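Structure record follows, encoded as structure tokens.
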Ligand code: NAP
Ligand code: GDD
């Protein structure tokens with residue numbers, strides 16, 4: 001008999017990688033998907049199976065973390081061995097605009113899942129993974145951050161996730177549930193949402209290289225993040241639920257980098273050096289040097305002449321609209337417990353992550369540019 005997993009947030013970055021990983025391990029995967037006006041299944045289309053296929057290993061259900069009845073019904077119908085609660089309003093800056101909704105989905109949503117498992121008498125069968133976050137450390141009380149570091153959340157998102165963390169611990173202790181928190185530090189990939197900083201950068205650098213965009217406006221360039229690859233991090237989620245005893249684990253690389261240096265690394269991927277000048281809102285980055293051979297190899301000869309004319313131009317600026325009312329300045333994790341108890345090690349370092357994201361975005365933006373130039377039928381919605 002195949003094991004059964006239920007993934008909330010299956011249409012997101014982590015949900016897509018985890019679904020593929022579990023299917024390869026022989027699981028039947030059920031995914032919770034919000035109704036939207038478009039399919040919104042791009043990240044999992046390669047795994048999708050028509051409902052008429054027999055013995056499907058990927059089955060999607062409409063649902064929402066804010067709807068208890070719906071969650072209880074789906075958990076009851078699917079009887080999962082493992083639940084991975086990845087669904088969340090996951091954007092820190094947006095949580096300042098939608099604090100009540102964020103608390104409902106990211107905080108109470110966790111309670112709804114735990115309580116459904118309890119009420120359905122599934123405690124002996126179902127293990128639960130809660131997607132906790134390094135944002136819990138916020139105004140960091142210790143460097144690096146580990147499982148015992150006190151939390152100090154700095155956004156409505158992090159405060160909601162704090163509730164999710166503790167209600168998971170409480171249900172574990174009160175009802176002997178196999179419920180665990182993965183305290184994951186930032187993890188990125190070619191599937192990362194376009195408004196998170198790494199993907200915003202790799203998309204913008206690709207578009208600047210192809211002549212589709214002149215400049216990118218950023219927020220706080222000095223904050224530091226411990227960035228890993230999402231592919232490595234979903235392996236950790238799975239490993240956490242395979243342990244005999246539930247527990248909470250930090251998952252991180254142990255290396256931290258500024259946003260400024262991430263920008264430099266992304267430009268370096270196409271053979272371009274940028275130099276930062278000025279301070280705070282007046283800080284800019286200027287194109288300083290091109291390694292033509294590398295630019296041709298990564299971007300293509302056809303784009304070189306136009307790009308060379310831009311040497312000396314400003315390609316990065318700062319726009320305060322991207323600042324957060326309260327910022328998390330520094331995150332760096334100590335994943336000793338995961339390395340020791342789970343045997344987890346990341347395969348990607350930051351350079352390999354940036355390369356993966358840049359190669360993907362250059363390809364994607366070339367396709368977008370081709371479509372825009374009429375290389376393909378352009379749909380006109382008003383005719
Ligand atoms: P993501 O790409 O933003 O995906 C979030 C997923 O949650 C999407 O499938 C989204 O559906 C779904 N969702 C949002 N609100 C929902 C609701 N009310 N009901 C049902 N589904 C809902 O996030 P991610 O990067 O994969 O992160 C996965 C989880 O890990 C999140 O809980 C996040 O907070 C947490 N986390 C992420 C990181 C990181 O660096 N990536 C680090 C630590 C923790 P739509 O597609 O319909 O929007
Ligand atoms: N998004 C964004 N856009 N961030 C910017 C920008 C910009 O233009 N400019 C600078 N930043 C800075 C932010 O201020 C923050 O300090 C840092 O870049 C990272 O921002 P995000 O990529 O949006 O991620 P995050 O760290 O706030 O949150 C992500 O990681 C958490 C784990 O630590 C999300 O995935 C959360 O869901 C996750 O819990």
Name the single residue, out of those in the stretch 76-93 being within 10 Å of ligand 1 (Cβ to nearest atom) and either free of Cβ contacts under 8 Å to residues at least 40 places away in the same chain or out of contact with any strand residue (DSSP E or B) (no Cβ under 6 Å at 6 or more places or on another chain) (or both), that is nearest to residue 8 (Cα to Cα). 88
Do you know which of the residues in the stretch 307-326 that are exposed (fewer than 13 other Cβ atoms within 10 Å of the Cβ) and touching a helix residue (DSSP H, G or I) at 6+ places or on another chain (Cβ under 7 Å) is nearest to residue 283 (Cα to Cα)? 320
Listed by range, helices (runs of 4 or more DSSP H) wholly within the stretch 208-299 having at least 3 residues that are surrounded by 19 or more Cβ atoms within 10 Å (Cβ to Cβ) are 230-241, 259-268
Residue tally, condition farther than 23 Å from residue 100 by Cβ and either free of Cβ contacts under 8 Å to residues at least 40 places away in the same chain or near ligand 2 (Cβ under 10 Å from one of its atoms) (or both), over the stretch 151-192: 9
Among the residues listed as 69, 32, 6, 58, the single one being on the phi < 0 side of the Ramachandran plot and within 11 Å of ligand 1 (Cβ to nearest atom): 32
Between 218, 237, 212, which is in contact with a helix residue (DSSP H, G or I) (Cβ under 9 Å, 6 or more places away or on another chain), more than 11 Å from ligand 2 (Cβ to nearest atom) and over 24 Å from residue 148 (Cα atoms)? 212
Consider only pairs whose beta carbons are under 6 Å apart and that are at least six residues apart or on different chains; among these, list those whose first residue lies in the stretch 210-235 and is within 21 Å of residue 18 (Cα to Cα) and whose second residue is at pLDDT below 95 and assigned to a loop (DSSP other than H, G, I, E, B). none
Determine if the stretch 199-206 includes at least one residue that is in a strand (DSSP E or B), within 11 Å of ligand 2 (Cβ to nearest atom) and modelled with pLDDT of 95 or more. no
Expected single match for touching a residue at least 60 places away in the same chain (Cβ under 8 Å) and either surrounded by 17 or more Cβ atoms within 10 Å (Cβ to Cβ) or under 22 Å from residue 191 (Cβ atoms) (or both) among 47, 65, 60, 18 is 18
Could you tell me which residue of the stretch 6-28 is farthest from ligand 2 (Cβ to nearest atom), considering only residues that are under 20 Å from residue 90 (Cβ atoms) and part of a strand (DSSP E or B)? 6
Restricted to the stretch 327-349, and to residues that are in contact with a helix residue (DSSP H, G or I) (Cβ under 7 Å, 6 or more places away or on another chain) and in a helix (DSSP H, G or I), which residue is surrounded by the most Cβ atoms within 10 Å (Cβ to Cβ)? 338
Is the stretch 173-195 home to any residue that is within 13 Å of ligand 1 (Cβ to nearest atom) and either part of a helix (DSSP H, G or I) or modelled with pLDDT under 95 (or both)? no
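The values are calculated or read from the model by the stated rules, or taken from the named source; none is laboratory data. Quick caveat: nothing in here was measured; it's all calculated off a predicted structure. FYI the Cβ positions are ideal-geometry reconstructions off the backbone, even for glycines, and counts take in every protein chain you see.
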